[in-house]
Amino acid sequence: MKCLIVTPWCDDLVLKSVRGTPENAYLVRELTRRGIDINILCPLTPGFPEIRTGRFSFVHEYLYDRKIYGLIKEMDYDFAISITGLGAGALKKTGKPFFNKYLGAFDFFLISGLKRKLYHRRFFLSTKTKPQGIVMTDDGTQGERAIREAGYTKEVLFLKNGYFPDLLNLKKENKEDTVINIGFAGSLELIKGVDFLFKIIKILLGGNKYKFIVAGDGSFRHKIEELATERPDKILYLGYLPYLKMPEFYKKIDILLSLNRYSNGTLPVVEAQAAGIPVVAYNVQETSKFIKHNETGFLVEPFDINSIIFLLKNIRKKQLLGMRENVKRFALKTFSDMEKRAEEEVDFYLRRLKQ
């Protein structure tokens with residue numbers, strides 16, 4: 001059997017080199033494990049359309065389909081998977097079975113009406129192509145509502161958020177009884193709350209109780225590097241860590257800060273809890289689905305720095321260690337390891353093809 005994958009990203013398909021979310025790398029590995037040949041179309045493919053971004057980029061969608069159809073019309077494959085619905089119109093035109101898979105947030109609570117449909121233009125347009133099935137990652141941002149509003153009536157698979165399987169047995173490195181290692185991982189951008197991180201560091205830097213460990217890359221990398229150079233005793237900057245190296249980050253931390261402005265159903269939030277690490281986060285969107293206050297972490301009102309400072313000043317290392325088993329149990333119940341999730345996804349594709 002032969003599978004075609006059409007994706008707007010070329011750097012998330014191989015586990016050793018994946019940047020960002022690794023789920024499609026697990027998908028590719030599981031398809032290969034089952035003896036399915038894979039062909040990839042992505043922006044590095046000659047003739048692939050340039051993906052536009054911005055408020056009015058939806059006007060280019062029909063051009064994507066035209067160019068992608070030109071690439072695939074003579075291709076030999078049995079079924080296709082469109083990541084984010086890219087090229088769904090072209091796949092429909094071939095007459096061969098195909099599926100759409102959506103990643104990331106659907107911020108349906110923020111906007112309404114026509115504006116919502118324009119904002120999620122590819123989602124609405126691609127569901128109208130009526131694929132064999134739809135796969136949606138459950139990042140807690142109204143995925144089921146999105147499907148209903150798009151009018152899609154065939155079978156949909158909602159995947160739980162996934163974590164690196166080995167994190168369940170992670171051995172911690174920080175043995176000090178008093179020092180709390182505070183972790184922050186992700187893009188060093190404003191949307192991820194890196195400005196809040198700087199404020200927290202500034203206020204807590206003088207205390208003997210804390211050390212900050214940061215992993216990631218982005219626009220504010222230089223500022224983190226400067227702080228780490230000035231205070232190496234208080235700030236450890238690990239730089240960008242590829243996915244398979246992230247356990248090295250979790251080994252070092254006792255608590256994770258997730259300061260995202262819009263969504264806290266992120267990979268570090270899920271993976272930290274799988275490793276038994278409590279999380280502090282703003283209670284935005286549906287964050288309470290992912291963190292149980294005073295059980296697996298701590299939720300504060302959006303952008304309330306003072307509450308985070310108060311919490312960190314009063315928490316004790318012994319308290320965090322005492323939460324570990326509850327945190328792990330919650331992770332096992334709420335999330336899924338990436339390998340099992342990939343098996344579930346491929347099972348869905350093969351079952352729908354038989355039907």
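Charge dipole of the stretch 128-248 (Cα centre as origin; +1 on each Lys and Arg Cβ, -1 on each Asp and Glu Cβ, all else neutral): 240 debye, rounded to the nearest 20. When the charge dipole of the stretch 165-334 is built from unit charges on Cβ atoms (+1 for Lys and Arg, -1 for Asp and Glu) and taken about the Cα centre, the candidate among Ala331, Phe220, Gly183 whose Cα reaches farthest toward its positive end is Ala331. Among Gln285, Pro247, Gly151, whose Cα lies farthest out toward the positive end of the dipole of the chain, if unit charges sit on the beta carbon of Lys, Arg (+1) and Asp, Glu (-1)? Value computed over the given set: Gly151.
Taking Cα atoms, how many degrees apart are the long axis of helix 338-354 and the longest axis of the chain, rounded to 10 and kept between 0 and 90? The helix 338-354 is inclined about 20 degrees to the chain. Return the single residue from Lys317, Lys154, Lys192 with maximal mean-square fluctuation; model: Gaussian network over the chain, springs between Cα atoms under 10 Å. Its mean-square fluctuation being the largest, the pick is Lys154. In straight-distance terms, cross-link reach from Lys16 covers every one of the lysines whose alpha-carbon lies under 18 Å from its own, apart from those fewer than eight places away in the same chain; here that gives Lys245. Here the Gaussian network model covers the chain, with springs between Cα atoms less than 10 Å apart; of Asp177, Asp65, Asp254, Asp177 fluctuates the most.
Listed by chain and number, the lysines whose C-alpha is less than 24 Å from the C-alpha of Lys130, apart from same-chain residues fewer than 8 away, are Lys2, Lys67, Lys73, Lys92, Lys93, Lys96, Lys101, Lys115, Lys117, Lys154, Lys160, Lys354.
Listed by Cβ neighbour count within 10 Å, with the fewest neighbours leading, Leu44, Leu259 appear as Leu44, Leu259.
Listing Val214, Val327 from the residue with the fewest other Cβ atoms within 10 Å to the one with the most, what is the order? Provide the component values of the computation, followed by the final result.
Working: Val214 26, Val327 23.
Ascending Cβ contact count within 10 Å gives the list Val327, Val214.
Going through [x] 85, 43, 34; [y] 64, 52, 49; [z] 65, 41, 36, the figure that equals Cα extents along the principal axes in Å as computed for the structure here is [z]. Of the chymotrypsin sites (Phe, Trp or Tyr not before Pro) found in the stretch 1-93, the ones in coil according to DSSP and having at most 16 other Cβ atoms within 10 Å of their Cβ are Phe56.
Arrange Cys3, Cys42, Cys10 by Cβ neighbour counts within 10 Å, fewest through most, would you? All intermediate terms of the calculation are to be shown ahead of the outcome.
On the way: Cys3 23, Cys42 18, Cys10 15.
With the sparsest Cβ surroundings first, the list reads Cys10, Cys42, Cys3.
Computed from point charges on the beta carbon alone (+1 for Lys and Arg, -1 for Asp and Glu), the dipole magnitude for the chain about its Cα centre is near 500 Debye. For the chain, the longest principal axis of the alpha carbon atoms and the long axis of helix 305-314 meet at an angle near 50°.
Coordinate-derived values only; no laboratory data. Remember, it's a predicted structure, so these values are computed and weren't measured experimentally. For neighbour counting, all protein chains shown are included, and Cβ atoms are generated from backbone atoms with ideal geometry for every residue, glycine included.
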